[in-house]
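So that we are looking at the same thing, I have put the structure below in structure tokens.
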Amino acid sequence: MNLSLSSSSPATSVAASSSPSSATSWFSAIVRGRADRSGSPKVAGNLGTSDGVSARPIKGKNQFRGLLFKYGPKPIQVAFKTGDHKQQVVFIGGLTDGFLATEYLEPLAIALDREKWSLVQLLMSSSYGGFGASSLQQDASEIDQLVNYLINKENSEGVVLLGHSTGCQDIVHYMRTNAPCSLAVRAAILQAPVSDREYRAMLPETAAMIDLASTMIAEGHGSKLMPREADSSSPITAYRYHSLCAYMGDEDMFSSDLTDDQLRTRLGHMCNTPCQVIFSMADEYVPDYVDKKALVERLCRAMGGAEKVEIEHGNHSLSNRVGEAVQAVIDFVKREGPKGWDDPWK
């Protein structure tokens, strides 16, 4: 259904009804896409306003207009798409995030629509307070389900993944899986790829909690919950706490004390995908002792030469540098995004 998504009202208002999704597979879409190149140019559909005029993706402040859809069997597996286009930027938020996670999403949706791109925001099992009982493996599986939906139901011509904070770890892990639908990922953007371990190491309870998590995992209780003081924002299992906080845990990908070889082991496979790293030079989740310029240089090198964007004075979510964030994403998407069917699938 076509909906207006708003953070200012608890109710979701129905804007219009949509036509049924196409049941054709991506194989037939490839054939159709190739035929279109020799015929008349493609015209992107609009979101079904009653007067036939294409609806803008933003209705008002914190009000998004678009398509709300389920992409998987779980109740939480819902996504929201603004813009009715065949190329999509998929936003993957960090811990405790859900819809409307960062302030740059609103102007980004507008800018992408102008370039004939859609913005997709998804909810996963780990969204909001669910991260404590989830894992990178679970996130990767659900991201793959979303990409599969976009290919088979929306006839996608390819996607760009945009990760924020811990969403960056999701992208790195997903691209390592070599899942079949990952072939549709034409580029990746890592915004605020920071070390959860280095940040949490500054908290007084972390060292003792890591020891407890390690003991619980060794005793076969990795799926059991840690004490409340381990994380005040969500119940968290011993496994997830260890994954986030322990040295060389599953999610320890962006720490400044990792060697170049360790970074290459964790990030080197990203060299097969065009990548952009957007690093906030005043990120409040990066300890003061970390040389941010040196770190982002090392991260990009470990990924085989990813594009580096340093946002001076930018905070973690770039709420104070929204324009720069949007411009960086748009420039990269226009340059590295899919150019048609032959490009994504050959």
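For the pair Leu203 and Ser223, how long in nm is the line joining their label points, each one 7 Å along Cα→Cβ?
Inter-label distance under the simple model: 2.4 nm.
How large is the charge dipole for the stretch 145-234, taken about the Cα centre, if only the Cβ atoms of Lys, Arg (+1) and Asp, Glu (-1) carry charge, to the nearest 20 debye?
260
According to a simple spin-label model (label point 7 Å from Cα along Cα-to-Cβ), what is the distance in nm between Asp331 and Ser319?
Inter-label distance under the simple model: 2.6 nm.
Can you tally the net charge around Ser232? Count Lys and Arg as +1, Asp and Glu as -1, for every other residue whose Cβ sits under 13 Å from the Cβ of Ser232.
Details: positive: Arg200, Arg228; negative: Glu205, Glu229, Asp231.
Summing Lys and Arg as +1 and Asp and Glu as -1 gives -1.
Using Cα-Cα distances under 8 Å and only pairs 6 or more residues apart, what relative contact order does the stretch 196-252 have, in percent? Don't skip to the answer; put the middle values down first.
Numbers: 67 pairs, mean separation 22.1, N = 57.
With pairs under 8 Å counted, the relative contact order is 39 percent.
Sticking with this one: Give a residue-ordered list of calculated ³J(HN,Hα) values for the stretch 295-311 (Karplus: 6.51 cos²θ - 1.76 cosθ + 1.60, θ = phi - 60°; whole Hz; x for Gly, Pro).
Going residue by residue, I get 5, 5, 5, 5, 4, 5, 5, 5, 8, x, x, 5, 5, 9, 10, 9, 9 Hz, with x marking Gly and Pro.
Would you mind getting me the FRET efficiency between Leu183 and Thr215? Use the beta-carbon distance for r and R0 = 35 Å, nearest 0.05.
So the FRET efficiency works out to roughly 0.30.
I would also like to ask the following. Give Lys70/Lys224; Lys70/Lys116; Lys153/Lys334; Lys59/Lys116; Lys59/Lys86 a once-over and call out the pairs whose C-alpha atoms are over 27 Å from each other.
Among Lys70/Lys224; Lys70/Lys116; Lys153/Lys334; Lys59/Lys116; Lys59/Lys86, the Cα-Cα distance tops 27 Å for Lys70/Lys224.
Would you work out what percent of the accessible area of the stretch 196-252, with all protein chains in place, is carbon or sulfur (probe 1.4 Å)?
Numbers: 1680 of 2930 Å².
Carbon and sulfur: 57 percent of the exposed surface of the stretch 196-252.
Suppose every Lys and Arg Cβ carries +1 and every Asp and Glu Cβ carries -1, with no other charges. What dipole size does the stretch 196-252 come out with about its Cα centre, to the nearest 20 debye?
Its charge dipole is roughly 160 debye.
Compute, for the stretch 114-183, the length of the dipole vector about the Cα centre, with Cβ point charges of +1 (Lys, Arg) and -1 (Asp, Glu) only. Units Debye, rounded to 20.
Numbers: 4 positive and 7 negative charges, 20 e Å.
So the dipole magnitude of the stretch 114-183 works out to roughly 100 debye.
Suppose each label sits 7 Å from its Cα in the direction of the beta carbon; what would the Lys116-Lys61 distance come out to in nanometres?
Each label point lies 7 Å from its Cα, and together they span 3.4 nm.
The values are calculated or read from the model by the stated rules, or taken from the named source; none is laboratory data. None of the values given here were measured: they were computed from a predicted structure. Cβ atoms come from the backbone with ideal geometry, glycine included; neighbour counts cover every protein chain shown. Protein only, heavy atoms only, side chains kept; ligands, DNA and RNA dropped before computing areas. Shrake-Rupley method; radii C 1.70, N 1.55, O 1.52, S 1.80 Å.
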